[in-house]
Amino acid sequence: MASPFAVYSEAIPSAPFPFPPVQSLDHRIPSAPSPRMNPAELRQQIANVSGTVVIKVGTRVLTHPDGTLNHERIDQLAEEIQTISQNGRRVVLVSSGAVGAGISLLGLKSRPTDLAKLQAVAAVGQVHLIQSYDRTFARYGRRAAQVLLTVEDVDDRVRYLNVRNTIASILEFGAVPIINENDTVSVDELKTTFGDNDRLAAMVTNLIRAPLLVVLSDIEGLYDGDPSRKESKLVHTIEKIDETVLGYVRDKKTGLSKGGMASKLEAARMVTTAGESMIIASGRQPNILTQVFAGELVGTLFVGQGKGITPYKRWLGFSAQVRGRVQLDAGARRAILEQGRSLLAAGIVNVQGEFQKGDVVALCDSEGHVIARGLSNYSSADIERIKGIKSDKIAQVLGRRPYEEVIHRDNLAIVRK
């Protein structure tokens, strides 16, 4: 079946053929805030962000305690979006809530546990969710536009760019794109309670190069301990996602990440590594979006790290699906992270998974942490034979040397700084 999206895209480094140019989203992307600024200065810079921003709203913000859809909160949220849009900003909304809407419409007493029934409930509820948004936006002469995505839509390069162009066109019409995981076919989305739409929101932020992602949650932000304990304090500014920050959401006994905040930290890492910023704030607090865009000290701000990366490397680093992994020695790790070099066979110590030339692979350090992703010039079988040897010896082993590099730096994106 042909894609419903119009086909536009941008040139890919080392691609076998050029693509037509991608449609512009026409927004200004400010440089990442400097961590040396004080909290008030950082928030003021956020308040001055213009162009297109992404707002993600979670299920618990949009539903009542019994899981049914909270129409009053949707109306309030749409009104807040309209208010912040009056200052020249354009908003892309990533919204959960389809299952909650379905529960309401079908008169169910609880959320189904059977996967097929969950998908059916989501299919019923998605229509009602969009109608709820559209009804409110229509009061201001605007419309809501439904965009349902699957992993395949952001994995495939052409489909990824077509989604970008469709969102740009929706915004040009003055409508509000309402993006959600396609729950009726995306099995993983409905098997988890938290996380998937956080990652989806981060991918959308990188897709359209939005300077800011605002995640509206059921808590005020990131706390330095259990939010239910009085001694825990809200952390207003995170300049770097390090082990201290990750420790805030780890169980002290098991060491494992817990709850929806772990997924939000991963989303923050994806956004800030690409050079943009993210705020987690309470979606249950009245006028929270107005406060965020007034520069008030609400929620937790994750500061963008360094210069923004190109659209191509955003796709490569955060949206394309990984087909295998290669483990690097310390020298190769330094060369990639600190010197911006290509990956050579000599720096590879191990290969995992089966993949072909042109597939996306993850580059891991000695501890298994993924530090980068890239398009491989060799299959996993060939890399297994040439790992650890110098480039001028490749032809002796394989009988040919089509490429000096296993992954060229132009086709390599850093994902952990």
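The single condition from (1) closer than 21 Å to E41 by Cα; (2) outside the structural domain of R43 (by TED's automatic domain parsing) that A294 fails is (2).
Could you go through segment 376-391 and let me know if any residue there is surrounded by 13 or more Cβ atoms within 10 Å (Cβ to Cβ) and closer than 30 Å to T272 by Cα. Yes, that holds for at least one residue. Any residue in segment 258-275 that is outside any helix (DSSP H, G or I), more than 21 Å from R89 (Cβ to Cβ) and modelled with pLDDT under 90? Yes, that holds for at least one residue. Looking across segment 89-117 at every residue that is within 24 Å of the chain's Cα centre (by Cα) and not in a strand (DSSP E or B), the one that is surrounded by the fewest Cβ atoms within 10 Å (Cβ to Cβ) is identified as R89. Among the residues of segment 203-226, those that are hydrophobic (A, V, I, L, M, F, W, C) and assigned to a loop (DSSP other than H, G, I, E, B) comprise A210, I219, L222.
Screening the candidates T290, T273, T300 for the property of being touching a residue at least 60 places away in the same chain (Cβ under 8 Å), among the hydroxyl-bearing types (S, T, Y) and surrounded by fewer than 22 Cβ atoms within 10 Å (Cβ to Cβ) yields one hit, T290.
Counting residues in segment 117-138 that are of a type outside the set (V, I, T), touching a helix residue (DSSP H, G or I) at 6+ places or on another chain (Cβ under 6 Å) and without any contact (Cβ under 8 Å) to a residue 40 or more places away in the chain gives zero. Applying a threshold of 6 Å to beta carbon distances and a minimum spacing of six or more residues, or different chains, the list of pairs starting in segment 210-228 at a residue that is closer than 21 Å to E243 by Cα and ending at one that is among the charged types (D, E, K, R) and modelled with pLDDT under 95 reads D224/K233. Within the set T136, T150, the sole residue that is under 26 Å from the mean Cα position of the chain (by Cα) and either among the β-branched types (V, I, T) or modelled with pLDDT of 90 or more (or both) turns out to be T150.
Does T193 meet the test of being polar (S, T, N, Q), in a loop (DSSP other than H, G, I, E, B) and either modelled with pLDDT of 90 or more or farther than 21 Å from Q321 by Cα (or both)? In short, yes.
The values are calculated or read from the model by the stated rules, or taken from the named source; none is laboratory data. Here the structure is a predicted model, which means the values were calculated and not measured. Methodologically, a virtual Cβ is constructed for each residue, glycine included, from the backbone with ideal geometry; neighbour enumeration extends over all protein chains shown.
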